[in-house]
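The values are calculated or read from the model by the stated rules, or taken from the named source; none is laboratory data. Quick caveat: nothing in here was measured; it's all calculated off a predicted structure. Glycine also receives a Cβ, built like all others from the backbone with ideal geometry; neighbour counts cover every protein chain displayed.
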Amino acid sequence: MKKICMSLGLLLLAACGPRSVAVDYTISGSDTTFTDGSVVYLWSDTAEGTGILDSALVRNHSFTMRGRHPWPVSAYLYLGSGAEALQIGDRNFIVESGTISVQCAADGAFRFSGTPRNDLYNALPERLSALTKTSRSALAAARSCDSLLRAVASSNRNALGILLLGELLERHPAAEVVELLDAYPASYAGHPAIQALRQRIASMRADIGQPFVDLSGITPAGDTLSLAEVVHRPGLRYVLLDFGALWCAPCRMEYPDLVALRERFSDRGFEIFGVSFDVNAERWQECRERFGISWPQIHAGMGIAPRGTQAWQAYSLDYIPSTFLIDCSDGRIVAKQLHGAELSETLDELLGRSL
């Protein structure tokens, strides 16, 4: 879940961590969605092998699983397994001590409730929505939410806090996340999610405050172009490094905004450098023509899966679209994962005065 925030009152509710690191959980649900004879699986990426922590057989459209786990963890529920598996709910939840109730709400979505961290997690989207509505701008809302996110992550040194630290890392310097990780009790040092987060941070080459990592590739015209060549062009003040592809629905939604931003700010020293992950040259050209993309762009590597490309690895990407804003004066990254109105308002702040 992106851009999570909440009220300070709720922060106080969650200030106390679990009394014991190990958890004794009960997870139960009853709904016609749960077909008799099927199996509900509890899955977490902290589990070794298949990722399955537990399972339960459905009887009378109901299931209950009880177990003990060495850590409170973020997890998902699936009905069935393999290609036919159906995810229960549209997001993860926290496996913690207590009874977690799985219920279908009036809107048709499943909710995981009944334990402190899950109830707190459930409250976050509404708080975000309220804050967004009352903020004077998208940038102000984002900053307020980020501030509250740091507060709730600091107050919850448990599985929920670890989950939120991953959110923080997307938009903030790794040093901030490391500082919060270092404040976790010693009993959490071996937590798989904390170890994974530390490993991810250790492998990061591009981050806020650090010099950009140069990328080079073939342009639509067949020439070789590097990011450094564009960043160092005379007259440029900021370059937005954008990763995208035609097959990516959020990218398709964002391209028109980027076209408008470039038209608006180009005379003030703004440029975009694109990296495409399209499957072939034809689809890449189709993307450029459909959206009127005319900024410098290279391909990450034809015939290579996105996650296997040098571009994906160099910027430790998790998804696209992804953006990194580079200050041309010193080549350092000043922001990451800016999109929509927040990106526009940031450029207004940085490029408000013409040279």
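A few notes on this one:
- Residue list for region 293-310, filter: exposed (fewer than 14 other Cβ atoms within 10 Å of the Cβ) and under 22 Å from Y238 (Cα atoms): S294
- Candidate set from region 67-109 (those that are in contact with a Gly (Cβ under 7 Å, 6 or more places away or on another chain) and without any contact (Cβ under 8 Å) to a residue 60 or more places away in the chain); member that is surrounded by the most Cβ atoms within 10 Å (Cβ to Cβ): L77
- Residues satisfying the stated conditions in region 282-296, i.e. out of contact with any helix residue (DSSP H, G or I) (no Cβ under 7 Å at 6 or more places or on another chain) and touching a residue at least 40 places away in the same chain (Cβ under 8 Å): W284, Q285, E286, C287, R288, R290
- Residue that is nearest to the chain's Cα centre (by Cα) [pool: residues in region 203-212 that are part of a loop (DSSP other than H, G, I, E, B) and farther than 9 Å from I333 by Cβ]: M204
- Long-range neighbours under 9 Å by Cβ, at least six apart or interchain, first residue more than 13 Å from P116 (Cα to Cα) within region 146-160, second of a type in the set (V, I, T): L148/I4; L149/I4; V152/I4; A153/I162; A153/V177
- Subset tally (residues that are crowded, with 22+ Cβ neighbours inside 10 Å, farther than 12 Å from V275 by Cα and of a type in the set (G, A, S)) for region 240-258: 0
- Checked against the criteria, L139 counts as buried (at least 17 other Cβ atoms within 10 Å of the Cβ), touching a residue at least 60 places away in the same chain (Cβ under 8 Å), hydrophobic (A, V, I, L, M, F, W, C) and not assigned by TED's automatic domain parsing to the domain that holds S74.
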